[in-house]
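Coordinate-derived values only; no laboratory data. All figures in this text were calculated on a predicted structure; none of them were measured in a lab. Counting neighbours? That spans all protein chains shown, and the Cβs are built from the backbone with ideal geometry, glycine included.
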Amino acid sequence: MLESRELTKSFGSVVAVDHVSLKLEAGHVYAMLGPNGSGKTTWMKMAAGLIKPTSGQILYEERPVGVESRRHIAYMSTEPYFYNWMTIRDVGRYYEDFFEDFSMERYKELIGRMELREDMKTRTLSSGMMAKLKIAVTLARDAKVYMLDEPFNGIDLLARDEIRTCILQFASEDKILLLSSHLVEEMEAVADRAIFIKQGHLEEIVDLETMRTEYGISMADRYRQIYGHEEVTSNV
Amino acid sequence: MFKLMKYEFRKTQATKLILLAIIAIAEIAFLIGLYGNYDMTAGLSIVALVFLSFLGVFVVGLESITILHRDMNTRQSYMLFMTPNSSYKILGAKVLECGLSILLAGAFVFALGALDITLAVAREQGLNSLWEMIQNFLSHITINGRQLEIDAPILAATFLNILTSWIMTIVSAYLAVVISAALLNGKKFNGLISFVLFLLLNWGAAKLLGLIPDTMSSVATLLVYVAVELVLSAIMYVVTAEIMERKLSV
Amino acid sequence: MQFDPMRPIWLQVMGEIETSIVTGVRAPGEKLPGGRDLAMLYGINPNTAARVYQELEKAGLCETRRGMGTFVTGDAQRITELRIELARQAVQEFMVKIDSLGVSKEEAVKMISEME
């Protein structure tokens, strides 16, 4: 279980995440939603141990995240981060060197499915290819938690289906999947729970099928209800 | 730890290869001078080789500091900090890789020097002028105001001292970079403050070393220096890693 | 498959499978894909996929055999009933549409009988 308690992060006078308390349970795929700048990325980076909270706590299996939790939490950031001398093969070897749960076999298979080649240099990849590489290398880990920040960004329509399939392939009862995206429609069927974050606050967590049954509305509808009066610039 | 060091080496490998290439050119010039009886060329290239080995140590250290800066302040930082390695290990790999590089480079230059001298001895006629050049060069190096006497223990101790004092300098730069990235991030004059901090740390260390009485033999004094520098490096290393572990957001 | 995101997705996938059973695309006694495969096939959440099988089972349209997977029911009677249920649903939807157009039931029946 991944849990944040009154988690807060401010950068100078800007409060990016504001007293967010939430629990993510194994066996669910969560869609983390909110316009750009609402705090999704900062929350994820704190869960990945890359950013230290200003106050509050973030716990994995009841213990503060850190070196140990990184063994079990696979995080994919929006931005590319590989060393510029790396080829796609080198990226795999790097993960193999540092993550016990990484499978080179699975990586090679995913790379093939994403139509990438191992000898490609990361420096020369297009943004779409880079996005696929990040997903492939992250999903090649057999982690307990996957946090994918904007997995559909920069990826064309056809490849999105492939990525959705890959994500679903690795979802299971003992795993937590957390996906953030401003492409809300892409996540309707994949996620079963939605976390709405608004200006750093947790707005609500809903069970999507329950919401559809009881209110007859989609995740996108709820998104519009919550953020409708804000300027919708992110819903491209 | 070894894996982290491997990647630290990979980051610096280009610079190291360039340095090696330049040293190779100087060595070739020396050999041409030696066997072609161009005394001037041989002499100058020996000076160049000595100069290059010092420059090399300097460049390796400087690069290590800029890489740390990049590893804290750019996206590249995720590569290190997403892995299940503690800050102690991440930083330790950097210090060790850097120290080891300098040590190996030193050993390499020393071996090269020994080889060159042997070659020069073998070609007797080259020997006299070369020896003069070396002595001339060494007479400009003094330790604590004393003329350097050349013997093996002194050379070894001097070499060790260069290594440890340079490691101490690098670790103090690490501390300054980490303080800048973890504690002063986004604040005004961040870069300046950390640079001043770096100068202060080194000034403090120099003051401390200055307190060591100068009554022992040169070798003993140098070894005390080495010990003090190692202790200071260790303290700064721990402080740096603690700050990273507790405060650093990348 | 394109879903209507305003209606429960398990219901829509269930409808698809029911139709495939009635039309014979999935034969009686045929093995259905496992939960994960169903999820990947339709691009849906695994919990949603599990729900689909739960509901199909509850409706007597498939049975799960321990360690072997989920199978379409072999009960021909039940499939016939399903055919009628689905036909009723279709008629009901048709009626709603016809009604909204202001056409009476009698007129509609007449129209149907006149159709080729």
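Numbers at a glance
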read-out: Options A:196, A:158, A:131, ranked by Cα towards positive dipole end of segment A:88-207, top entry (Cβ charges); value: A:131
read-out: Efficiency of FRET between residue B:122 and residue B:55 - r from beta-carbon atoms, R0 30 angstrom, step 0.05; value: 0.60
read-out: Spin-label pair residue B:96/residue A:61, simplified geometry with 7 Å Cα→Cβ offset, distance in nm; value: 2.6
read-out: Residue B:111-residue A:153 FRET efficiency (beta carbon distance; Förster radius 51 Å; 0.05 resolution); value: 0.45
read-out: Range of Cα positions in segment C:9-114 per principal axis (Å), largest first; value: 54, 29, 21
read-out: Pairs from A:45/B:11; B:16/B:247; A:23/B:6; A:198/B:11; A:132/A:198 whose Cα-Cα separation, in the structure shown, is over 31 Å; value: B:16/B:247; A:23/B:6; A:198/B:11
read-out: Net charge dipole size for the protein assembly as shown [Lys, Arg +1 and Asp, Glu -1 on Cβ; Debye, nearest 20]; value: 1140
read-out: Share antiparallel - DSSP beta bridges, chain A, percent rounded to 5; value: 55
read-out: Against the rule of thumb 2.2 N^0.38 Å, how large the Cα Rg of segment B:145-250 comes out; value: 1.28
read-out: Largest-first principal axis extents, alpha carbons of chain A, Å; value: 48, 37, 35
read-out: For residue A:75, distant residues with modelled amide H under 5 Å away; value: A:147
read-out: Gyration tensor (alpha-carbon) shape descriptor, segment B:1-140, a/c threshold 1.5; value: prolate
read-out: Reachable lysines, given that their alpha-carbon falls under 28 Å from the alpha-carbon of residue C:58 and they are not under 8 places away in the same chain; value: A:175, C:31
read-out: Built amide H within the under 5 Å cut-off of residue A:54, gap 5+; value: A:8, A:9, A:10
read-out: P(r), alpha carbons of chain B - 5 Å bins starting at zero, rounded %; value: 1, 6, 12, 15, 15, 14, 12, 10, 7, 5, 2, 1, 0
read-out: Prolate/oblate/rounded call for segment C:1-49, Cα gyration tensor, a/c under 1.5 rounded; value: oblate
read-out: Test item: Cα-centred dipole of chain A, Lys/Arg +1 and Asp/Glu -1 on Cβ, debye; value: 680
read-out: Listed residue (C:10, C:62, B:111) projecting farthest to the positive dipole end of the protein assembly as shown, Cβ model; value: B:111
read-out: Gain in span if fully extended, residue B:224 to residue B:192, counting 0.36 nm per residue against the direct Cα distance; value: 8.3 nm
read-out: Test item: Cα-centred dipole of segment B:1-140, Lys/Arg +1 and Asp/Glu -1 on Cβ, debye; value: 880
read-out: 0 to 90° range, to nearest 10: angle between helix C:76-100 axis and chain C longest Cα axis; value: 40
read-out: Volume of the Cα convex hull of segment C:64-112, divided per residue and given in Å³; value: 91
read-out: Among beta bridges that DSSP assigns inside the protein assembly as shown, antiparallel share in %, nearest 5; value: 60
read-out: Estimated distance in nm for a label pair at residue A:79 and residue B:183, the labels positioned 7 Å out from Cα along Cα-to-Cβ; value: 2.4
